[in-house]
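Notes follow once the structure below has been shown.
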Amino acid sequence: MAVARPTLGLLGGVFDPPHVGHLALARAGIEQLELERLLVLVVENPGHKRSTTSPATRLELASLAFEELPGAQVELDPHPRTVDSLEACSPKDAVFLVGSDELAGFPQWKNPERVLELVRLGVAMRPGVPYGRLREARTRFPAPDRISYFEMQPVPVSSTDIRNRVAQGESIDELVPPKVAEAIARLGLYRHAE
């Protein structure tokens, strides 16, 4: 019996702000895993990192960033942990997209076994990520067959870098979609150093 391909991609994050790296990961996952739809989940109150802007602002920025991606829908996620979000929405035939850097830390997520029961993981492999570290991490996974890999060219950008550049008055034009840059300027975001 053939295994059904996932049709829904899930991409979760704080998106403070969303950037071209997030879009590159989403595009590569959609294309290579042949996903029909993408649900972008903006974590309202992240349990793992601090956000500098309100959930409503991050939702607006993510909506602007992903509007150019056909089949993408952006929602606010009230759950601080991935497993809780997945339990609440019970996605069918879904793959949760992550970068290879996140895969190494996956065993430390809340209830990773349950995450892999609810969805497959789609891992963006970037050149330069130490494969030994990933192999070692993968040996600790309860269901390594629930993990798919896809290739992605590295995009050297982070939300922290963008916030710091804005605080220093530097351009972020190549790092975020134009509408996101406009919204950051219009709303006066990230003007103060962290």
Only unsatisfied item for VAL40, checking (1) touching a helix residue (DSSP H, G or I) at 6+ places or on another chain (Cβ under 6 Å); (2) of a type in the set (A, V, I, L, M, F, W, C); (3) over 15 Å from PHE96 (Cβ atoms), is (3)
Matching entry among ALA104, ALA88 (being in contact with a His (Cβ under 9 Å, 6 or more places away or on another chain) and aliphatic (A, V, I, L, M)): ALA88
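When you look at THR57, is it in contact with an Asp or Glu (Cβ under 8 Å, 6 or more places away or on another chain) and among the β-branched types (Val, Ile, Thr), yes or no?
No: the conditions fail for THR57.
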Pairs, please: C-beta under 7 Å, at least 6 apart or cross-chain, first residue in a loop (DSSP other than H, G, I, E, B) and in the stretch 72-93, second basic (Lys, Arg) and surrounded by fewer than 16 Cβ atoms within 10 Å (Cβ to Cβ)? ARG81/LYS110
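Examine the stretch 113-131 for a residue that is part of a helix (DSSP H, G or I) and at pLDDT below 80, and state whether such a residue exists.
Here is the first cut: in the stretch 113-131, the residues part of a helix (DSSP H, G or I) are 113-118, 131.
Checking the rest, the ones that are also at pLDDT below 80 come to 131.
Yes, the stretch 113-131 contains a residue that is part of a helix (DSSP H, G or I) and at pLDDT below 80.
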Of all the residues that make up the stretch 94-103, how many are surrounded by 19 or more Cβ atoms within 10 Å (Cβ to Cβ) and either free of Cβ contacts under 8 Å to residues at least 60 places away in the same chain or part of a helix (DSSP H, G or I) (or both)? 3
Given the conditions (1) in contact (Cβ under 8 Å) with a residue 60 or more places away in the chain; (2) out of contact with any strand residue (DSSP E or B) (no Cβ under 6 Å at 6 or more places or on another chain), report the number of the one that HIS48 does not fulfil. (1)
Identity of the residue in the stretch 153-171, part of a helix (DSSP H, G or I) and not acidic (Asp, Glu), that ends up surrounded by the most Cβ atoms within 10 Å (Cβ to Cβ): ILE162
Please work out if HIS19 is surrounded by 14 or more Cβ atoms within 10 Å (Cβ to Cβ) and within 21 Å of LEU175 (Cβ to Cβ). yes
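Does the stretch 24-35 hold any residues that are under 25 Å from ARG50 (Cα atoms) and surrounded by fewer than 21 Cβ atoms within 10 Å (Cβ to Cβ), and which are they? Even if it seems obvious, please write down each step before you answer.
Here is the first cut: in the stretch 24-35, the residues under 25 Å from ARG50 (Cα atoms) are 24-26.
Passing the criteria: only ALA24.
Name the residue, out of GLN168, GLN108, that is among the polar types (S, T, N, Q) and at pLDDT below 90. It would help to see each step written out before you state the result.
Working: GLN168 fails: at pLDDT below 90.
Selected residue: GLN108, the only one of GLN168, GLN108 that is among the polar types (S, T, N, Q) and at pLDDT below 90.
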Looking at (1) modelled with pLDDT under 95; (2) touching a strand residue (DSSP E or B) at 6+ places or on another chain (Cβ under 7 Å), find the lone condition where GLU102 falls short. (2)
For the stretch 19-41 the number of residues that are assigned to a strand (DSSP E or B) and farther than 18 Å from VAL157 by Cβ is 4
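The values are calculated or read from the model by the stated rules, or taken from the named source; none is laboratory data. What you see is a predicted model; the values in this text were computed from it and never measured. Positions of Cβ are generated from backbone atoms using ideal geometry, with glycine treated the same way; all protein chains shown enter the neighbour counts.
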